[in-house]
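Data block below; observations after.
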Amino acid sequence: MQRQNPVYIETYARGVFEQRIEKLEAILNECKLCPRECCVNRNKGETGYCNSDNHLMLSSVQPHFGEEDVLVGSHGSGTIFLTNCNLGCLYCQNYDISHLGHGHRITEQELALNVLALQRRGCHNINFVTPTHYTPQIVKALQIAIEKGLHIPVVYNCSGYESRNTIELLDGIVDIYMPDIKYGDTENAKRYSNAPDYFDWCKEAVTEMHRQVGDLRVDERGIAVRGLLIRHLVLPNGLAGSAAVLKFIATEISKDTYVNIMAQYRPMYKAYEYEELTRGLKTSEYREVIDIAREWGLHRGFEEI
């Protein structure tokens, strides 16, 4: 397909941003941005599970070449790593950022300037990593950046533990949703991420994401311009419940969904406290998940190893 304007251009032209920002900022008065529904007043400095008030915390900004090929292209994905997280994954690969809170405070105006700097460097998209708990501030920063000439796709790179109500407020703002679907069962989601209701909330949110943007589309360069891209990290010993995850994607989303089935699990953070997580993934375990994906008719985003 030919290149197209990001979806937020039209949304901004319709004057929708102010209304969305107002609604999102109001949620922070009794925070229910995510399924935790901590109900703390973040606008008054209170913090809930994610340990965040109403100020943005930023870890790093950089062109990233380790993302999916459809995001990286020749000039990288403009990646913005945000501090803290609404999940509690004990094997987190970015635990210093997500759990330990390494980062620094930044204003929405400063975030907008960082976004524009990534665009000037030639990045193909703006990739917000772990954005859920900062959704109001991100949308406010995007409004500022749009007014200053932002014109590349926005990627919402999240854990999948999302509130459908929050995702609905991003309709017409996000071009590419990139959620994880981490678990297909209750027990392991509770044990390893402190979120027994993970899969139920994730299914609702991903369904809404797909309703908004559809299957992933790329331009003539092979660069993603709009759509849904799902990540699924295969855990050792079948702990991710991959079969249920892939069945859901194939039967309730689309067999044309772009699914990055990831084999790079390695023990990190507190994983060594759980014997079943203390080793890397076996090639046979990964191939078994790939076979399941193909049996369900999925065919985009993953390869054999």
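Against the test of being of a type in the set (Ser, Thr, Tyr) and either free of Cβ contacts under 8 Å to residues at least 12 places away in the same chain or touching a strand residue (DSSP E or B) at 6+ places or on another chain (Cβ under 8 Å) (or both), the options Tyr192, Tyr177 yield a single qualifying residue, Tyr177.
Comparison of Thr186, Thr107 shows that the only residue that is surrounded by fewer than 24 Cβ atoms within 10 Å (Cβ to Cβ), among the hydroxyl-bearing types (Ser, Thr, Tyr), over 16 Å from Lys203 (Cα atoms) and free of Cβ contacts under 8 Å to residues at least 60 places away in the same chain is Thr107. All of (1) of a type in the set (Ser, Thr, Tyr); (2) in a helix (DSSP H, G or I); (3) touching a residue at least 40 places away in the same chain (Cβ under 8 Å) hold for Tyr269 with one exception: (2). Scanning the stretch 172-196 for residues that are in a loop (DSSP other than H, G, I, E, B), in contact with a helix residue (DSSP H, G or I) (Cβ under 6 Å, 6 or more places away or on another chain) and more than 21 Å from Leu82 (Cα to Cα) yields a count of 4.
Table: residues versus (1) within 17 Å of the chain's Cα centre (by Cα); (2) modelled with pLDDT under 95; (3) not in a helix (DSSP H, G or I); (4) not aliphatic (A, V, I, L, M).
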{"residue": "Arg20", "(1), (2), (3), (4)": "no, no, no, yes"}
{"residue": "Thr47", "(1), (2), (3), (4)": "no, no, yes, yes"}
{"residue": "Cys50", "(1), (2), (3), (4)": "yes, no, yes, yes"}
{"residue": "Asn86", "(1), (2), (3), (4)": "yes, no, yes, yes"}
{"residue": "Leu90", "(1), (2), (3), (4)": "no, no, yes, no"}
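Counting only residues that are among the hydrophobic types (A, V, I, L, M, F, W, C) and either buried (at least 18 other Cβ atoms within 10 Å of the Cβ) or not in a loop (DSSP other than H, G, I, E, B) (or both), the stretch 1-18 holds 4 of them. Within the stretch 20-37, residues that are over 20 Å from Gln143 (Cβ atoms) have Cβ atoms under 8 Å from residues that are aliphatic (A, V, I, L, M) in these pairs: Glu30/Val40; Cys31/Val40; Pro35/Ala195, counting only partners at least 6 apart in sequence or on another chain. Where residues in the stretch 58-67 are part of a strand (DSSP E or B) and touching a residue at least 60 places away in the same chain (Cβ under 8 Å), which of them is surrounded by the fewest Cβ atoms within 10 Å (Cβ to Cβ)? Within the stretch 58-67, the match that is surrounded by the fewest Cβ atoms within 10 Å (Cβ to Cβ) is Pro63.
The values are calculated or read from the model by the stated rules, or taken from the named source; none is laboratory data. Since this is a predicted model, take the numbers as computed values, not measurements. Neighbour counts run over all protein chains shown; Cβ positions are idealised from the backbone, glycine included.
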